[in-house]
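The values are calculated or read from the model by the stated rules, or taken from the named source; none is laboratory data. Everything numeric in this text was worked out from a predicted model, so none of it was measured. Here the Cβ is made from the backbone with ideal geometry for all residues, glycine too, and neighbour counts use every protein chain on show. Calculation scope for accessible area: heavy atoms of the full protein, side chains included, ligands and nucleic acids excluded. Shrake-Rupley method; radii C 1.70, N 1.55, O 1.52, S 1.80 Å.
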Amino acid sequence: MRGFVYILLFSVLLVSCTFCTRIVDIDIPPHEPKLVVNSLFTDGQRIRVHLGKTVSAFEYSTPTVQNGLVRLFCNDEEIDTLTFNNDYYYSRINAEQGEKYSVIINVPELESVSSEDIIPEKTLIESYEHRDSIMMDDNNFPVMQFELSFTDRPGPSFYELSIIAQYYVADFENRHPVWFKNISDPVLISTGLLDYNPESLVFTDELFEGKETTIKANYSIQTGEIPLIDGGPEYSYLLFVSLRSISESYYNYIRKQIIYRYNLESNIFTGLPDPVHMYSNINGGYGIFAGYSSDNKTINVVIR
């Protein structure tokens, strides 16, 4: 009897909802497109800028803007006009460390935008050490550790540590960021970003300002995919390690991007996170125009 009552009540609710449905018109104001600028530039290379524009909520394309005028300045002196080629605008000059670069961008029928940033002086990796299999992770893959030392310059500084693994399976190259796991380094923990599965690690010199410091980054890769050397028991892969000295704008942008990418994996079953407001240093538009320098190391890792 109780089951019959439940079924009857559900049927009544379903019928009631069906007849109560009505269409509500919402007055949505017309969309006013804004320029979107994306450029991360470094010393020794031409400055590359991608231009897009915002679209309404009912559009799914992200159009590339090809008719822009991108003027480049160095220390407030105009030095170049970027040329468009294959979806990007390129400078003719190579950027240099310690210089301030700025752009003023004009596109017909859109508001002009501007931005500026610097390329910080390069910070050198003074020493490094790689340790194999310091522990096993939850999936029974070995966790490795990369330790590096460097000296921080006086004044506020911002850094990014990127580690890319490369190996071959069936003659196909696999190249991807490592998975940072089980990190206990106080500098890296202080960022509050480790729970977001970052592809790179950004941090400040707040805990070691103006001093020599050592960073320990634990990581793992899917080592089961790597073929054994001559049938085993050893295997090897390459690590491309980059210690980047980044501007404050670069740092703020990457922090938000890490959280945004992590939230893309959320759904109604795992819980929907709060929206992420991306950082932008583009006056009159959106996006990023930021500089960095880097010291790079390539390491051949052999696991026995």
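Screening ILE226 on (1) modelled with pLDDT of 95 or more; (2) farther than 30 Å from GLU96 by Cα shows it passes everything except condition (1). Within region 171-187, being of a type in the set (A, V, I, L, M, F, W, C) and either within 16 Å of LEU239 (Cα to Cα) or open to solvent by 80 Å² or more (accessible area, probe 1.4 Å) (or both) holds for PHE172, VAL178, TRP179, PHE180. Hey, any hits in region 76-88 for a residue that's open to solvent by less than 60 Å² (accessible area, probe 1.4 Å) and under 25 Å from SER162 (Cβ atoms)? Checking region 76-88: not a single residue is open to solvent by less than 60 Å² (accessible area, probe 1.4 Å) and under 25 Å from SER162 (Cβ atoms). Residues that are among the hydroxyl-bearing types (Ser, Thr, Tyr) and open to solvent by less than 50 Å² (accessible area, probe 1.4 Å) were ranked within region 157-170; the one that is nearest to TYR128 (Cα to Cα) is SER162. Scanning region 112-134 for residues that are touching a residue at least 60 places away in the same chain (Cβ under 8 Å), closer than 23 Å to ASN182 by Cα and surrounded by fewer than 14 Cβ atoms within 10 Å (Cβ to Cβ) turns up ASP132, ILE134.
Matching residues to (1) surrounded by fewer than 19 Cβ atoms within 10 Å (Cβ to Cβ); (2) at pLDDT 95 or above:
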| residue | (1), (2) |
| --- | --- |
| LEU239 | no, yes |
| GLU248 | yes, yes |
| ASN263 | yes, no |
| PHE269 | yes, no |
| PRO273 | yes, no |
